[in-house]
Structure formats: C-alpha cells, structure tokens
1. For segment B:87-103: of the residues being in contact (Cβ under 8 Å) with a residue 24 or more places away in the chain and open to solvent by 30 Å² or more (accessible area, probe 1.4 Å), which is farthest from B:I146 (Cα to Cα)?
2. So, of the residues in segment B:346-375 that are assigned to a loop (DSSP other than H, G, I, E, B) and under 17 Å from the mean Cα position of the chain (by Cα), which turns out to be nearest to the other protein chains (Cβ to nearest Cβ)?
3. Which numbered condition in (1) surrounded by fewer than 22 Cβ atoms within 10 Å (Cβ to Cβ); (2) part of a strand (DSSP E or B); (3) more than 18 Å from the chain's Cα centre (by Cα); (4) polar (S, T, N, Q) is the only one that B:S398 fails?
4. Only one of A:E287, A:E292, A:E329, A:E260 is loosely packed, with under 14 Cβ neighbours inside 10 Å and either under 30 Å from B:Y209 (Cβ atoms) or in contact with an Asp or Glu (Cβ under 9 Å, 6 or more places away or on another chain) (or both); which?
5. Condition (residue is of a type in the set (V, I, T) and in contact (Cβ under 8 Å) with a residue 24 or more places away in the chain) applied to segment B:356-367: is it met by at least one residue?
6. For segment B:412-421, check the following and say yes or no: at least one residue is among the aromatic types (F, W, Y) and within 16 Å of the chain's Cα centre (by Cα).
7. Kindly check whether there is at least one residue in segment A:380-393 that is within 14 Å of chain B (Cβ to nearest Cβ), touching a Lys or Arg at 6+ places or on another chain (Cβ under 8 Å) and not aromatic (F, W, Y).
There are 2 protein chains.
Amino acid sequence: MSTHDDNAPKEAKRRGFLKAGGVAGLAAALGAASGGTQAAAKPSHAPDARDPMAAAEPFFGEHQGGIVTPQQSHAYVATFDLKTEKRDELVQLLRDWTAAAAKLTRGAALEDYGQTGDDAVPADSGEALGIGPAGLTITFGFGPGIFTHEGKDRYGLAARRPAALVDLPRFNGDQLLPEKSGGDLFVQACANDTQVAFHAVRQLAKMGYGILQMRWGQAGFMSSARGQTPRNLMGFKDGTNNPSTQDRSLMNQFVWARDEGSAWMNGGTYTVVRRIRITLEHWDRMERGFQEQVVGRHKLSGAPIGKQHEHDPVDLTATDKDGNPQIPENSHVRLSNAASNNGAQILRRAYSYNDSTNFYIERWPPWRQETEYDAGLLFIAHQRDPRTGFIPINEKLSKLDMMNQFTTHVGSGIFACPPGAREGSFIGAGLFEV
Amino acid sequence: MSTHDDNAPKEAKRRGFLKAGGVAGLAAALGAASGGTQAAAKPSHAPDARDPMAAAEPFFGEHQGGIVTPQQSHAYVATFDLKTEKRDELVQLLRDWTAAAAKLTRGAALEDYGQTGDDAVPADSGEALGIGPAGLTITFGFGPGIFTHEGKDRYGLAARRPAALVDLPRFNGDQLLPEKSGGDLFVQACANDTQVAFHAVRQLAKMGYGILQMRWGQAGFMSSARGQTPRNLMGFKDGTNNPSTQDRSLMNQFVWARDEGSAWMNGGTYTVVRRIRITLEHWDRMERGFQEQVVGRHKLSGAPIGKQHEHDPVDLTATDKDGNPQIPENSHVRLSNAASNNGAQILRRAYSYNDSTNFYIERWPPWRQETEYDAGLLFIAHQRDPRTGFIPINEKLSKLDMMNQFTTHVGSGIFACPPGAREGSFIGAGLFEV
C-alpha cells in the first residue's frame, strides 16, 4: 500500500482553511476534490506503515483500485438498480461518485461533516471520522441492466455492451435468491476497517437517493493471519494458488481486458461475485482426512495432498502406492486448477462472510430444520473474460466438486469494471463517449 | 489486558511433548487443560503489547471475563436451547465447556487439531490456528428455560432461580422475532479478531451436538477509534457515560450480584441482550441538528448539547436563552441518564452489527418496501439486578425516546451469568451444589 509522508502540514493548513471559511456543502467539498489539485489528491492522515488505518490507496490511475491491490481485511460489496431513465442523471451520478470516491479513499473528511449548520443533512454521515483512510479502495462496475433492462435500452448503451459481459448461465445446484443477485451498478469497497468500508457504500448509496435503489449489500472479512495465507471458515488456507498480482504479464494475460472487445473496457476487468453459503455445522463434523480429500490439500500446512509445503506445486499426475491419484479426481483443487481448465486462471479476491444465523429448512442431506450459521464465502473473481474464466471453471465445479455437499450458491452477479479514471474525468467515461 | 512473558519455552516444550506423544483426542486435551497445572493455565503465544492478537485474558477467577474486561473489537454472541432432560448431561456439558473455554482463551491449540489421524473429526476445526488468543473472553449465562421449560423443571433447578432473573416484560414497540430471542444457555465470545470469536462459539456448539440446539447467533464489531470512544453506526460516540470498569466500588454497586439473592450468583451478573435494528437509510437523511436533539449530544465532539467536551458532565437542568432545556426532554441521553432513573446504572458493552441487507416491508413511516441494511446495535448490558437496571430504563426509553423512530428491537434475551470458575471446578458449579 502506498503511503505519503510529505504533506501533513499542507493538509492541516487546507483543513483549517476550509473550517474557517465554512465552505463545506456537498457541492463545494466535492468540487474541491475533483478539481484535482496536488494537495487535495493526497491522503489526509499522517502515514505509518505499522498502522493499517493510516494507509491510503490512490483512486485515480490506469486501473481501478481493489483489483490487484493487496487485499484489505474487510469489504462491503453492494449493487444498485437504476430507477432513472435519463442518461444525463446516470452520467452525473458517476461523476459525483467518482469525486466522492476519490475523497473517501483519503479518509472521511471533517469538512464534509457538520460545518453546514444544524439544519442541513451533513454530506458525511460521520461514523468513520477519525479512523483514517484504512487503505480504502472503491471499485465500480456495470451490470447487464445498464445496457438493456426488460428489453429496453434506457441510456442508449445497448450497442456498447461488451461481448464478455455475458449473462451467467444457470449452474448445476444454483439456489440463487433475487434479493442477493444481479444489479445494474456494482460497488466493491475494501478497507482495513469494517466501518470504513461500510461507510463508503452508505455515502454512495445516499448520494443516489431517487435515482437508484439498493439491490443487495454484503459485508465480508478476512481473518488475521500474521503474514501467512489466511484461513477461510472451512479452516483451510485460501488463495495459495492465486496468480501473483506482482506479475504484470500474468495480470495482463488473465485479469486486464485489452482491445480485444469493447475499447472502453481497455484496462478494466470483469468481475463475478457469488455469495456461497457453507453449512459449517455439517463441515465441522467431518473427519480430517475426508475434508482434505474434498479440498485436495492438507489442512494444517496447506500443501497439496502428498506434499510438504503450502507452495509446493500441485502435481495432478502424482499417484499413491495403489496407483490412485494423490489429489482426488473430484477434489476442489484438481477441478479448479488451470491444468484442468485449458490454462484458464482467474484472480480470486474472496472474503469470508458472517451474517449471523437464520432458521433454515434444509432440502439437502442431512435433512433438517434448524437455526444455522448464515456464513460462508463472498467469492469475488476478477478476470479478462468470464467466458474463458469463471464460467467454464464453475461449470466443472458445479457438477463434480465434492465440496458442493457443503456449499450453496445463493447470490450471483457479473459486472464490467471499467479502467481507472483520470483526474478530472469520471469512472466509465469511455462508455458514454459518442 | 494481561499478558504473560515468562512461559514461552515451557509452553513450547509442552506442545512438543503432546505432538510427539500423539495424545490429542478431545478428552485428553481437555483433561490436560482442566487439570489446571500452572503451565496449562498460561497463554500459548508470545506476548506483545502492541499486538492485539497476542493478548491473552485469564479464564478462571473471581468473576467471568468479558464483563469488566476492556472491550475487545469483535464479538460473537449465541444462545442454545437444551434438548436433554438429564441433569448429568447438562453438568457434563458445563464441565466440558469450562475446560474448552479455558483452553480457547489461550489460543487455538495445535495439539487439538489433526494429530489424531485422518479418520477422526479433529477436536478443533482449525480456522483460528495461528492467529493467537486475540484477547478472547468467553462468558456463560443461564436463561430462564434452564430453571423451568414449558412448566417443567427438567433439571431440578426451579427453586434456585434467582429473583433477579425475571422474564423481561413486553416493551412498547417491541418487534421481537422468536429466532432472534431467548435461549437456555448464553455464550458471549469477545476477541480482537472476528474469526477467533466465531471460532470459539463454533467449537462450543459442536461439543453440545445432540444435547442442545443453537437458537440464535449474532456477530458484532466496534470500529477502530485510535484511542477515542468508538462511533456506532449512527455516527455518534457510544459509551461515553458508561460507569468506569476501573472503579471497583461502582462495579460492586451496579454490576456484580452479591448475597442479596441467590448465593450461587454472588460475583456474577445479569445480562440483557437486545438486537436493535437501525434504519440507517432513514437516519442518514436527517439534519445534523435533529440528530443531535435525538441523541442529546453533539455528533462531532460527543459533548452533551451546550457543552464543549465529550466528558463534560451531562447537566439536565441547563436551559437555553428561551428557558427550554438544553438537552431535550425526549432525547436519549436525558431519558437514559442515571438522574432520570433513580440513580440506576448499567454497564453497557454494546457492539455494532452488520448482517448485510434484507428485503423489508416497513410498517412504520416512511412506509416502503425495499432492500435495507440489516444493521444496528447488538446491545449488551451487564447489571446487578435488571429490575432496577435495564427494565425501568428501557420502560422509559421505549415510550419516550425520539430515537425510537429509527430503531426496532427485534431480538431479546436475559441471562444469569454466574461468577467465575475456580480451576478444577466449572462454570455455574454453585447452581448444582446440593
């Protein structure tokens, strides 16, 4: 994460000026941010590499943040359905969101809060004041509904829909809930503090009042890991075999869209989100050996079955003394491995989620009616093209993966995340260029 | 939080021995813990005051942890309904839970995980391995159902029900959901990592398989606050006027039960839990001045209205130039203040909760049907006697508090949390003494 150490006094002066002048209405404040002066473009908190709350990520750039950015500990992901049919209102919303996001990634701003007099709704709701930028990134995406909605081309964008933004097919075992799926606009906020991530989405949602309606939101987290690969709620290390975000050529090959499709998506990516509930009660009662056969890795070390170390290469040809594959045919690791999928790779950026409990009626063995954990995986995958990425991989997994006994996909979405915005421009500007 | 710095080598030796010997089945491991040797009673991670994951809280003692313990950043609270009718099974469960809790508070134990061979269900589900104790406390309580259940005295305990463990009355505006309320047994796990807190409850729940059924679970968090009072989801500092846990005489007066009632509760406390949903969308659209009138404090500073500093005393008699009370009659701060409640005080230990979103049909203005945040406050209050604590305070609040426009109590529970256990004994032992 980037930090800045040369602007604290300048920043303090700027804040003092704004406070003294009392100019902090929403329009004024956002104008100052999107105007893009050097001072405004820098984080408003003193840097401290040991303090994850002080970390600040740049908003503007070639690519959006939150894709190859080292993964922050918390996320809040939301989608919105557009209610307006006016192209201009959509463009203005994206301009406003861009300015707000640039600002939010520098930390909740005191001048947005409460210098406007008692009778005004403050631009900022205040619950993230004083925490710091916390490494916040905000990533925006467009769902299929922005191009065509119930057969209607609301914004004159139908012809610009990228071929790669397909409607996801129905996968085997899908139990998708409409209130946890889809959406015209996608916002992924990631930060090192849960309240900072949620705050960002609340701010953006509020700004869209009257133009859009929230469709679903989802909070996620990663456990602490002391520098190791974090364990997901199944107790296994998750993300070991992810392509390295440090490897530009890998990212160019598998993550960043280029000029093969819609030019406005050059430098963007396609994002698939799945809310995957895990029946943890059931999983917790399974033998260790069986769990490892399901995953294809040893639980403690994270090593592929038969290997010693987490990062030992996955050898799909290795056999045991009886000639059986060491990594089982129906294990998650084998089925999702690039070698099983014509070399396909996706960049997973998943979080665990924990929405407490619900009373469920399970229609899958073991049949039961009871209070269960409403917890699992907020699966997020970024990729250059879902037609060669998530879709074929999940076609295979949904039919064959032993893990399906414990997982249910209850939410789903696919989004075209455009490239990063230049200062002075806005997110997705290329889509609207005539 | 307490830390220990003298036992790391001893602890490492003990773990090495257990690993080498391969004795790590659940019974053996728990036996070692409850045996209460000095080595076993100490945390298994190197201490580091700057590392909240290395902090360890003692489990055994005069009082249970998690009551006056400085508040950790995360919580997972759960209740369970007992299915067994056998007193012995209940006692054995409490013995097992005590031993497990003593162990868990020293950090997820490697020897509980996976040294038992492939064909065994590991004692530990593994997802908290390597994180550290993270300041974990586990607090146990007894709900009314342990004394009488559907008119039946299942365990011969009916006569020992403390008078202070009343059934909560129905409060004005209550919208309680059965699947978020009640419970025979209460577990409050608090830690500096969300996965550590949840892991503790998962472990305890798994141990009760066949004897009990989870009734509800609830995850909670506090935002980072850089040493300041944390802000709740309404953006206000929360907890400013809480009685100081450093003040033993205050705690003895308001928190710890003494010999005024059931002797087995001497040194325990009574805990009320309320799941309070907050309509954040609605709140976020209110003027700042109105929000402050509702709360009775300034939002930015946290000071009582008319004062400058957060910790300035609340003066309920102060009037403005027109002779009106500075702190409004129906504000939350006035109505909940000790001076408005015959001096009553409770120790709030609340967390925010964020269970993402749900589709709601709102039957309260502004009427609407839409996806809304399923977020709010996991209110937890510890007190010496709810009849002079939470109940009269909430009777008043539920009728008069302006904040009720934005809050709905959807879950509720009341529990008798016994004193701490001595090593070699178990939680609630006094209740079962003949």
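1. Result: B:D96.
2. Checked segment B:346-375; the qualifying residue nearest to the other protein chains (Cβ to nearest Cβ) is B:A350.
3. (2)
4. A:E260
5. Within segment B:356-367, not a single residue is of a type in the set (V, I, T) and in contact (Cβ under 8 Å) with a residue 24 or more places away in the chain.
6. Yes, some residue in segment B:412-421 is among the aromatic types (F, W, Y) and within 16 Å of the chain's Cα centre (by Cα).
7. The answer is no; no qualifying residue exists.
Every residue, every condition in (1) closer than 30 Å to A:A375 by Cα; (2) surrounded by fewer than 16 Cβ atoms within 10 Å (Cβ to Cβ); (3) not acidic (D, E), yes or no:
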{"residue": "B:S336", "(1), (2), (3)": "no, no, yes"}
{"residue": "B:Y351", "(1), (2), (3)": "yes, no, yes"}
{"residue": "B:F359", "(1), (2), (3)": "yes, yes, yes"}
{"residue": "B:R368", "(1), (2), (3)": "yes, yes, yes"}
{"residue": "B:H382", "(1), (2), (3)": "yes, no, yes"}
{"residue": "B:D385", "(1), (2), (3)": "no, no, no"}
{"residue": "B:P392", "(1), (2), (3)": "no, yes, yes"}
{"residue": "B:M402", "(1), (2), (3)": "no, no, yes"}
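The values are calculated or read from the model by the stated rules, or taken from the named source; none is laboratory data. Computed from a prediction, not measured in an experiment: that's the story for all the values here. All Cβ positions, glycine included, derive from the backbone under ideal geometry; neighbour counts span all protein chains shown. The area values use the complete protein model at the heavy-atom level, side chains included, leaving out ligands, DNA and RNA. Shrake-Rupley method; radii C 1.70, N 1.55, O 1.52, S 1.80 Å.
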